[in-house]
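Everything on this sheet refers to the single structure shown next.
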Amino acid sequence: MWDQIKASFKHSVTILWARVVALAGLLLMAAQSLLQDPNVASAIQSLLQPKLVPYYVIAIGLITELARRRTV
């Protein structure tokens, strides 16, 4: 089973990571109307503090580079 999963990503961590990021984007897009509710928005902002967003972007970039280096 694990071999089939790895084969679906062509044995590439980079492709796996790209699909995870794309899926996260699709989920955020699908939940956009839910995120406009003030109660939900304030709950999310308390969990994902806006001042930490640059660090999240840096982490995504580092994971992307590590995945790419691993499969070169």
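The values are calculated or read from the model by the stated rules, or taken from the named source; none is laboratory data. Fair warning: this is a prediction, and the values are worked out from it, not measured in the lab. For neighbour counting, all protein chains shown are included, and Cβ atoms are generated from backbone atoms with ideal geometry for every residue, glycine included.
What the table shows:
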quantity	calculated
Region 26-66, residues that are under 30 Å from residue 11 (Cα atoms) and modelled with pLDDT under 85	28, 29, 30
Hits in region 24-50 (condition: outside any helix (DSSP H, G or I), among the hydrophobic types (A, V, I, L, M, F, W, C) and more than 25 Å from residue 62 (Cα to Cα))	31
Pairs, first free of Cβ contacts under 8 Å to residues at least 40 places away in the same chain and among the hydrophobic types (A, V, I, L, M, F, W, C) in region 1-15, second surrounded by 13 or more Cβ atoms within 10 Å (Cβ to Cβ) and part of a helix (DSSP H, G or I), C-beta under 8 Å, six or more apart	9/15; 9/16
Conditions (1) under 14 Å from residue 60 (Cβ atoms); (2) touching a residue at least 60 places away in the same chain (Cβ under 8 Å); (3) of a type outside the set (Phe, Trp, Tyr): number failed by residue 21	(2)
Qualifying residue in region 4-21 (condition: in a helix (DSSP H, G or I), among the aliphatic types (A, V, I, L, M) and over 17 Å from the mean Cα position of the chain (by Cα))	yes
